[in-house]
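The values are calculated or read from the model by the stated rules, or taken from the named source; none is laboratory data. These numbers were taken from a predicted model, which means no experiment stands behind them. Glycine gets a Cβ as well: all are built from the backbone with ideal geometry, and neighbour counts include every protein chain shown. Side chains included, ligands, DNA and RNA excluded: accessible areas come from the protein's heavy atoms. Shrake-Rupley method; radii C 1.70, N 1.55, O 1.52, S 1.80 Å.
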Amino acid sequence: GVGMGMTAPVSITAFPAEDGSFQQKVKVSLRIPNQFQDNPPCPTDDSIKIEERQAMTIYSTQFGGYAKEADYVSYAAKLKAALGSDAAYRKDFYLCNGYDPPMKPYGRRNEVWFVKE
């Protein structure tokens, strides 16, 4: 019964297929606002889970516009190429992050994160 509003970023965990596209399975994560961090309200929908995201070091790239799956896949490939073969990061998933509400037409910010191993 508690409304929390939208938070940023909206984070989608993508599990890439062999060709780099997203598998059907994705996980969408929303940050719980500061005032609810110590005692978050319990979800009433069984498909919603509260998870604690551990601290992480990431490799990141940023881009603008209204991001689609193809954009995230493209920028993930560019980030992979920029890192080369020496960087150690998780290959089984990456994070796609959007920071803006849908009605914001200009100055949009999106990021792709690879989690350092």
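Things worth noting here:
- Evaluating residue 4 against the criteria (1) under 18 Å from residue 114 (Cα atoms); (2) in contact with a helix residue (DSSP H, G or I) (Cβ under 7 Å, 6 or more places away or on another chain) leaves one unmet condition, (1).
- Remark: residue 107 falls outside the filter, which requires a residue to be open to solvent by 50 Å² or more (accessible area, probe 1.4 Å), modelled with pLDDT under 90 and on the phi > 0 side of the Ramachandran plot.
- The single condition among (1) open to solvent by 80 Å² or more (accessible area, probe 1.4 Å); (2) assigned to a strand (DSSP E or B) that residue 78 does not satisfy is (2).
- Unmet requirement for residue 47, which otherwise passes all of (1) open to solvent by 90 Å² or more (accessible area, probe 1.4 Å); (2) within 14 Å of the chain's Cα centre (by Cα): (2)
- Only listed residue being out of contact with any Leu (no Cβ under 9 Å at 6 or more places or on another chain), within 16 Å of residue 10 (Cα to Cα) and of a type in the set (Phe, Trp, Tyr), chosen from 94, 66: 66
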